[in-house]
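Heads up, the thing below is written out as structure tokens.
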Amino acid sequence: MLTGDTNDEDVSLFDAEEDSGRKTKQTGVRHPVASFFHLFFRVVAILVYLLCELISSSFIACMVTIILLLSCDFWTVKNITGRLMVGLRWWNQVDDDGRSHWVFESRKGSGKQQVSNSDSRIFWLGLIICPIIWVLFAFSTLFSFRIKWMPVVIMAVVLQGANLYGYVRCRVGGKTNLKNMATNYFGRQFLKQTLSKEEES
């Protein structure tokens, strides 16, 4: 079934929703419940981490709560909100030979027109900002010698980083090498700056 790292089939989460044909504004939030839960688990995990000493004196209770919230967030973003809000999905599958395959899909054709700009903005901002916050927490945990929190912070960075990586690969195309993209981008920026300096002089 898997022939490579990409799969070009249309994404369909619920057939009834795809066939409903209701026209809505592109600028409004089309999926308020999905948008809420896209941000809910990750924001609450951050709040529990910041306020855990005020909420409970038990480190274990706070740690388990944060890990459960992060797990719910990972599952929700990977399986539901990505499909509904931006028409993307990804997964990793291990074949019979033990080789790991990343599969990236995006909604094609008329489905792309159903993606709302507001949904897309909420999705990408939540997907990018929260892992950055957890990376900052990792550095603060390290420098403040709160080493007991390091496994929780690393778990958050790994789970949210995996979703970020998967969706960025979906967005730019599964076969596209992200390193090559970055190199080409910085190369173009350097060339533009060089040419503009030559024109000035």
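Going by what's in this entry, would residue 115 be described as more than 11 Å from the chain's Cα centre (by Cα) and over 23 Å from residue 30 (Cα atoms)? No, not satisfied. Does segment 101-110 include one or more residues that are under 24 Å from residue 67 (Cα atoms) and in a strand (DSSP E or B)? No.
Would segment 118-130 turn up any residue that is at pLDDT below 85, closer than 17 Å to residue 169 by Cβ and hydrophobic (A, V, I, L, M, F, W, C)? No - not one qualifying residue is present in segment 118-130. Within segment 73-99, if we keep just the residues that are open to solvent by less than 70 Å² (accessible area, probe 1.4 Å) and modelled with pLDDT under 85, the residue that is nearest to residue 30 (Cα to Cα) turns out to be 91. Selection of first residues in segment 87-99 that are closer than 14 Å to residue 168 by Cα and of second residues that are open to solvent by less than 60 Å² (accessible area, probe 1.4 Å) and aliphatic (A, V, I, L, M), restricted to Cβ pairs under 9 Å at least 6 apart or on distinct chains, gives the following pairs, ordered by first then second residue: 87/11; 87/115; 88/11; 89/11; 89/13; 89/103; 90/103; 91/103.
Taking each residue of segment 142-154 that is within 15 Å of residue 59 (Cβ to Cβ) and looking for partners that are among the β-branched types (Val, Ile, Thr) and modelled with pLDDT of 90 or more with beta-carbon atoms closer than 6 Å, six or more apart or interchain, yields 149/141; 150/141; 152/66; 153/141.
For segment 42-54, the set of residues classified as without any contact (Cβ under 8 Å) to a residue 12 or more places away in the chain and within 23 Å of residue 131 (Cβ to Cβ) consists of 47, 50, 51, listed by residue number. Consider segment 163-178 and keep the residues that are in contact (Cβ under 8 Å) with a residue 40 or more places away in the chain and in contact with a Lys or Arg (Cβ under 8 Å, 6 or more places away or on another chain). The one that is nearest to residue 88 (Cα to Cα) is 170. Given the structure, is residue 141 in a helix (DSSP H, G or I) and either modelled with pLDDT of 85 or more or at positive phi (or both)? When the stated conditions are applied, residue 141 passes them. In segment 112-131 there is no residue that is assigned to a strand (DSSP E or B), farther than 30 Å from residue 53 by Cα and open to solvent by 20 Å² or more (accessible area, probe 1.4 Å).
Residue count for segment 34-72 under the criterion of being farther than 27 Å from residue 118 by Cα and either surrounded by fewer than 17 Cβ atoms within 10 Å (Cβ to Cβ) or touching a Phe, Trp or Tyr at 6+ places or on another chain (Cβ under 7 Å) (or both): the result is 16.
The values are calculated or read from the model by the stated rules, or taken from the named source; none is laboratory data. Small disclaimer: the values here were computed from a predicted structure and weren't measured. Glycine also receives a Cβ, built like all others from the backbone with ideal geometry; neighbour counts cover every protein chain displayed. Heavy atoms of the whole protein, side chains included, go into the accessibility calculation; ligands, DNA and RNA do not. Shrake-Rupley method; radii C 1.70, N 1.55, O 1.52, S 1.80 Å.
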